[in-house]
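The values are calculated or read from the model by the stated rules, or taken from the named source; none is laboratory data. In this text the structure is predicted, and so the values were computed from the model without any measurement. Methodologically, a virtual Cβ is constructed for each residue, glycine included, from the backbone with ideal geometry; neighbour enumeration extends over all protein chains shown. Note: accessible area is taken over every heavy atom of the protein model, side chains too, but ligands, DNA and RNA are not part of it. Shrake-Rupley method; radii C 1.70, N 1.55, O 1.52, S 1.80 Å.
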Amino acid sequence: QVQLVESGGGLVQPGGSLRLSCAASGILFSSYAMGWYRQAPGKQRELLTTITRGGSTYYVDSVKNRFTISRDNAKNTVYLQMNNLKFEDTAVYYCNAATYNREYWGQGTRVTVSS
């Protein structure tokens with residue numbers, strides 16, 4: 001049974017930081033590209049960042065230089081370090097595991113940026 005379990009969300013003030021984690025089980029983690037997405041209220045789910053099996057990363061412009069994705073294959077975990085958080089970062093954050101023919105999602109963790 002494949003599971004992706006996100007954690008680390010919560011309430012943070014603007015300018016603050018959070019680190020999200022996504023622990024995977026039931027897959028050969030090192031074979032999967034991993035990604036973080038988010039869905040804000042009333043909006044579609046959007047891609048934020050990905051990391052390949054080899055560690056190459058991609059960021060959308062809205063999070064570039066603020067968010068950092070990393071992975072620890074020994075722990076089957078992918079992380080999202082989020083700095084300088086803004087009101088518009090409020091959303092449910094999801095991790096994704098993908099190969100060429102399979103894709104899995106976590107259940108999401110909520111991040112609220114509020115003063």
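Laid out as a table, the results:
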quantity	calculated
Whichever residue in segment 14-34 is assigned to a loop (DSSP other than H, G, I, E, B) and small (Gly, Ala, Ser) and, among such residues, is least open to solvent (accessible area, probe 1.4 Å)	16
Odd one out for residue 4, checked against (1) of a type outside the set (Phe, Trp, Tyr); (2) surrounded by fewer than 19 Cβ atoms within 10 Å (Cβ to Cβ); (3) touching a residue at least 12 places away in the same chain (Cβ under 8 Å)	(2)
Considering residues of segment 68-86 that are touching a residue at least 24 places away in the same chain (Cβ under 8 Å), more than 15 Å from residue 7 (Cβ to Cβ) and assigned to a strand (DSSP E or B) only, the residue least open to solvent (accessible area, probe 1.4 Å)	69
Meets criteria (assigned to a loop (DSSP other than H, G, I, E, B) and open to solvent by less than 30 Å² (accessible area, probe 1.4 Å)) for residue 55	no
Residue within segment 32-42 that is in contact with an Asp or Glu (Cβ under 8 Å, 6 or more places away or on another chain) and free of Cβ contacts under 8 Å to residues at least 60 places away in the same chain present	yes
Total residues in segment 87-115, condition open to solvent by less than 30 Å² (accessible area, probe 1.4 Å) and not aromatic (Phe, Trp, Tyr)	12
Top-ranked residue in segment 87-115 [being assigned to a helix (DSSP H, G or I) and of a type in the set (Asp, Glu); ranked as farthest from residue 18 (Cα to Cα)]	88
